[in-house]
Structure formats: C-alpha cells, structure tokens
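The structure appears right after this line, and notes come after that.
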Amino acid sequence: MTVTPQAPQSNVPVQFDLLILDAIVLTADPVRPELRSGALGIRDGRISWLADSPPAHYQARRTLRLPGHFVTPGFVNPHVHSILSMVRGVAADLGFAPSYTPGIPKGTQVNPEQARALARLGAVEAMLFGSTVIGDNFVHADVTTEAMEELGVRLCPSWRLHDVDFAKVANGDWHFDAAIGAQTLRAGMDLQARWQGHPRVKVNLAAHAVDTCSEDFLRELAALAGAHDMVVSTHLGQSKVEVERVKARTGRTSTEVLEDVGLLNHRLMAGHCIYVTPSDIQRMAKAGAHAIHIPKCNAASGRMAPTPAIKRAGVNMALATDTQHGDMVELMRWTLATARVQTGGVDDEWQPHHVFHMATLGGAKALGMDHDIGSIALGKKADLVVFNANRPHLRPHVNPLGLLVHTAQGRDVEMVIVDGDIVVENALPTRVDMERVCLEAEKAARELWGAEGKRYWL
Ligand SMILES: [Zn+2]
C-alpha cells in the first residue's frame with residue numbers, strides 16, 4: 001500500500017494520533033534504512049508521516065520526543081509455544097524438544113486455566129522484548145488466544161494439529177489415531193471461524209511435524225489450508241528422531257512428504273530446518289516455502305541449521321524464539337554468530353541488516369503480512385518498538401543498526417506499539433498487571449510439575 005504524506009498546505013494542520021520526533025529510526029526498508037533524527041507520524045493505526053522533520057503545521061494528540069532512542073519495526077516471532085514457558089530452565093538440558101522429552105510436564109496434562117496463565121506469561125515476555133506478532137501454536141489455543149489477545153499484541157495462533165497420540169510419544173510410541181486427528185482439525189477450524197475478521201488475530205494451521213502426522217492427515221490439512229488460504233506452520237527436520245521415523249515409515253525425507261501431500265508451497269512456515277538435504281533446500285526454494293530459523297533452541301541442543309545454504313538458495317528466512325525466552329534482539333545476534341561459525345568468517349552475506357530483515361520483514365512475509373507490517377514505511381500498520389539507546393552499552397551511536405544487533409537486549413525496549421496503540425510503556429504492559437501474570441503462571445507451573453518439580457525447587 002502506498003500513501004503519500006498529507007501535503008503540508010500552508011495553514012491546514014496535518015493531524016496525527018501520535019507523533020515521534022528526534023529518534024533514530026531503523027526502518028528495515030531498503031529504500032531508506034535509517035533516519036538519524038526522524039519524524040514519524042501515526043494516524044488511524046498506520047504510518048502517515050516519515051521524514052526528517054514534521055510538517056510545517058500539524059496537530060498531534062500525543063507527541064513523544066525521543067532523542068537517543070532507536071525506533072524499529074515490531075519484531076515478528078512466528079514460531080512460539082507460549083505455554084512451554086513452564087519447562088524453561090530445565091527442558092533445554094534434557095532433550096531437543098519438550099514434547100519428545102520424558103520427565104517434564106506435557107501439553108496433554110495442561111488444563112485450560114493453566115494454559116491461560118502460562119500463555120500469558122510467554123506472550124507478555126515476548127511483547128515486552130519487542131515482538132509485535134506472536135505466531136503461537138500449542139494445546140488449548142481457544143483459551144490461550146483469548147488470553148493473549150487481551151495484551152494487545154498481534155497474534156497468529158493455531159492449535160497443535162496432529163494425529164499421533166502425544167501422551168505416548170515421549171515414551172517412544174508413535175501411535176496414530178484418526179479420531180485424534182479429526183478432533184484437532186475441528187478445533188483448528190473452529191478457532192479460524194471464531195477469530196475471522198479480527199484486526200489483530202489471523203489464525204494459522206500448525207501441522208506439528210511429519211513424524212507426528214500421518215500422510216492422510218497432512219493431505220486433509222493441505223486441502224483446508226488451500227481452501228481457506230491459511231498459513232501452515234510445522235517443525236521440519238527438527239531432529240534425527242523425526243528424520244529416521246519418517247524415512248522408516250515413508251521411505252522419503254520430511255520435505256519430500258510435505259511436497260507429496262501438497263503442503264510445500266508459499267503458505268508453509270518450516271520451523272528449524274536442521275536436518276534438511278541440499279535437495280530438500282532446493283525444493284523449498286522452488287516452492288517458495290519459508291524457513292523459520294530458531295538458532296537458540298537449536299544451539300542449546302547442540303545443533304545448527306544449514307542457514308548459509310538455505311539463504312544462498314533464496315529461501316525466505318524468519319527468526320523465532322520457540323520455547324526459549326522471547327528475545328528477538330538476542331536472536332538476531334545468535335543468527336549472525338552461528339552463520340559465521342558455519343561460513344568460517346565475516347562476509348557480505350551475513351551482516352546486521354540481513355538478520356534485522358529476517359527478524360522483521362522475513363517473518364511478515366512468512367505470515368503473508370508483509371504488505372502491512374515488517375518495516376517502517378508510509379501506509380504500513382504502525383507496529384513499532386522504541387529502544388532506550390542512551391545507556392552506556394548502546395553508545396556511541398556510530399552505527400545504530402550494528403549496535404542493535406551486536407549489543408542491544410530485549411530489556412532495552414521501552415515502548416511497543418501495535419496498530420498505533422501503545423501496548424508497552426516504560427517497559428511495562430499497558431493492558432495487564434505484569435506481577436499478576438507472573439504469579440498466576442508460577443502457580444500453574446508448580447501444579448504441572450507436581451512431585452517431579454520438587455527436586456528443582458526444594
Ligand atoms: Zn516448536
């Protein structure tokens with residue numbers, strides 16, 4: 001969408017709901033990546049002014065003068081399981097993913113009240129650190145979507161869709177049950193119907209993984225995704241367990257199965273992409289599928305996705321925090337550093353602007369929303385993050401983008417704006433009581449850990 005600034009006619013003041021002045025604006029827009037002392041105006045939830053100075057005559061309901069602050073687009077975090085905030089600090093040291101790891105609470109054990117409390121904690125954390133879009137998928141998506149929507153953050157939720165019996169997977173038993181598949185798909189489409197038309201909620205379909213979904217189930221899901229034009233999230237090449245299971249069951253790679261069932265296309269967001277072959281990568285590139293890179297989860301379990309090859313092939317890449325803490329700023333750093341470990345040095349292919357784009361526009365593109373969000377440009381929705389860069393670790397401002405990627409932290413975020421609404425101010429959520437969110441999640445986690453948890457907190 002293109003909107004030209006309202007012409008600053010002599011005595012007709014330009015109207016703004018919010019006007020940000022004097023900040024360093026990092027746009028993620030290749031046309032003009034940086035404004036050193038920008039004037040950014042918002043009207044009706046969209047960016048209506050972006051220039052070095054405000055119009056000669058204007059009226060703003062609220063004006064923020066932000067010298068020494070960085071303003072960036074909202075970060076797009078498309079692969080999250082907020083409820084799994086309940087296993088952090090433990091699960092990463094036991095196995096590659098909570099759903100496959102014995103000895104920790106499982107999604108199948110969570111009740112709706114616990115789901116609500118834990119999802120809010122995960123989402124509040126991600127939002128406080130600058131995620132304006134959270135692509136969450138897990139159990140109880142009906143109640144967790146309601147709970148997270150109250151925060152004001154933009155959501156792309158889904159139920160965890162599968163036809164395996166997840167209560168048995170952590171014990172090494174992949175038992176498929178068509179009734180489980182039908183029930184999860186029904187819930188997934190009910191969620192879509194419930195939120196259709198909501199300005200900040202766009203429901204996806206999340207096929208858990210090829211090892212936990214039968215081919216019949218995946219075909220059915222592909223048909224629904226096509227008929228309703230829905231984005232499909234999945235875990236792809238996440239583990240050797242998945243690769244071996246799929247090979248034994250189908251004789252193919254997970255990517256080949258996705259291609260055969262009709263899911264390998266521009267609507268697919270493939271999370272992890274660790275165990276993918278060169279042929280898989282070429283298939284993804286040809287199909288226009290998106291790779292959701294999750295470097296911190298991968299590295300914490302001793303693995304790295306072949307991101308240099310994925311990027312070279314032209315696959316769109318986005319970044320996500322998955323079950324780890326929701327700091328997209330730290331994640332940009334991990335992405336850059338791990339890619340350089342793989343390529344063996346510093347080159348033009350892996351620079352701060354590449355990972356900044358992955359964390360913003362790349363995610364927006366994967367979600368089919370890059371026409372509206374992902375960069376700071378006239379006419380786009382006003383999803384913005386304000387960093388306080390007056391702190392010693394973010395000085396001097398020689399190269400603000402370099403500082404953001406190499407030095408900043410999620411905790412430097414002071415303000416988060418979605419659709420022009422301030423949802424985080426002074427580093428606190430504006431719509432919920434953060435203390436209460438933390439306490440309720442703590443209670444839910446302790447219930448779920450039960451006797452097993454006592455060995456950690458006694
Ligand atoms: Zn995941």
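The values are calculated or read from the model by the stated rules, or taken from the named source; none is laboratory data. Predicted model, so just to flag it, every value in this text is computed and none were measured. In this analysis, Cβ positions are derived from the backbone assuming ideal geometry, glycine residues included, and neighbour counts consider all displayed protein chains. Note: areas computed on protein heavy atoms with side chains; ligands, DNA, RNA excluded. Shrake-Rupley method; radii C 1.70, N 1.55, O 1.52, S 1.80 Å.
Odds and ends about this structure:
- Each residue in region 79-94 was checked for being within 12 Å of the ligand (Cβ to nearest atom) and either of a type in the set (D, E) or not assigned by TED's automatic domain parsing to the domain that holds V110 (or both), and 0 pass.
- Screening I281, I274 for residues that are assigned to a loop (DSSP other than H, G, I, E, B) and at pLDDT 95 or above leaves exactly one candidate, I274.
- Residue within region 313-327 that is surrounded by fewer than 24 Cβ atoms within 10 Å (Cβ to Cβ), modelled with pLDDT under 95 and at negative phi present: yes
- For region 204-241, filtering for residues that are in a loop (DSSP other than H, G, I, E, B) and buried (at least 23 other Cβ atoms within 10 Å of the Cβ) leaves 8.
- Of the residues making up region 318-329, those that are aliphatic (A, V, I, L, M), touching a helix residue (DSSP H, G or I) at 6+ places or on another chain (Cβ under 7 Å) and within 16 Å of the ligand (Cβ to nearest atom) are A318, L319, M328.
- Selection within region 7-42 - closer than 26 Å to F356 by Cβ, open to solvent by 20 Å² or more (accessible area, probe 1.4 Å) and part of a strand (DSSP E or B): D22, E34, R36, S37
- Selection status of L404, in a helix (DSSP H, G or I), touching a Leu at 6+ places or on another chain (Cβ under 7 Å) and of a type outside the set (D, E): yes
- Candidates W195, W159 - the one that is closer than 21 Å to E113 by Cα, at pLDDT 95 or above and touching a Gly at 6+ places or on another chain (Cβ under 8 Å): W159
- Counted residues, region 420-458 - those being modelled with pLDDT under 90 and outside any helix (DSSP H, G or I): 1
- Comparison of L121, L64 shows that the only residue that is among the hydrophobic types (A, V, I, L, M, F, W, C), more than 16 Å from the ligand (Cβ to nearest atom) and either outside any strand (DSSP E or B) or open to solvent by less than 10 Å² (accessible area, probe 1.4 Å) (or both) is L121.
Here is a yes/no grid of residues against (1) acidic (D, E); (2) within 16 Å of the ligand (Cβ to nearest atom); (3) more than 30 Å from M230 (Cα to Cα):
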residue	(1), (2), (3)
C297	no, yes, no
M304	no, no, no
A339	no, no, yes
D348	yes, no, yes
G363	no, yes, no
H371	no, no, no
A377	no, no, no
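- Any chance F166 is out of contact with any helix residue (DSSP H, G or I) (no Cβ under 7 Å at 6 or more places or on another chain) and either of a type in the set (F, W, Y) or touching a residue at least 12 places away in the same chain (Cβ under 8 Å) (or both): no
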